[in-house]
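Have a look at the structure below, then the notes.
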Amino acid sequence: MSLLKLLKEPFQYERIDWRKKRSPISQSEGKAQHPHAARDGGKAQKAKDWKSATRRILAYLGERKPALLLVMGLVIVSSLLMLVGPFLIGIIIDNYIMPAEFDGLGMILLLLLASYIGLSVATFFQIL
């Protein structure tokens, strides 16, 4: 058996004729159902009175409401601190590194370090 035949052998498949007409897909096949739709094929149900539904959900939270508000605040703080890092790096490159003027660079680097430490702390307390 030649080496070329040995290498070709695993890749010998039947040719597929793409010009052939394929049978149409039936209505039940290939049609993804909305995840919130009723199992009987109906449309998703929406809350008729969303204000009372929101109040009811908040009432279920009960004593966990302050923890939820704290986590939401930490998410906002961490999102803002994620934006501060690249912004400060851009300032460092444009104002200090490119013109080769390093006066005040230490202060910006300390601010960058503080923002990353703050981001780490905010992310840590979201997990607890």
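Figures for the structure shown
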quantity	calculated
Label-to-label distance, nm, for residues given as residue 8 and residue 55 (7 Å Cα→Cβ offset)	7.9 nm
Shape of the range 65-127, Cα gyration tensor, a/c cut at 1.5	prolate
Förster-model FRET efficiency, 41 Å R0, residue 97 and residue 70, C-beta, rounded to 0.05	0.60
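All of the numbers you see were taken from the coordinates with simple rules; none came from a lab. Predicted model only: the values in this text are computed from it and were never measured. Virtual Cβ from ideal backbone geometry, glycine too; neighbours counted across all protein chains shown.
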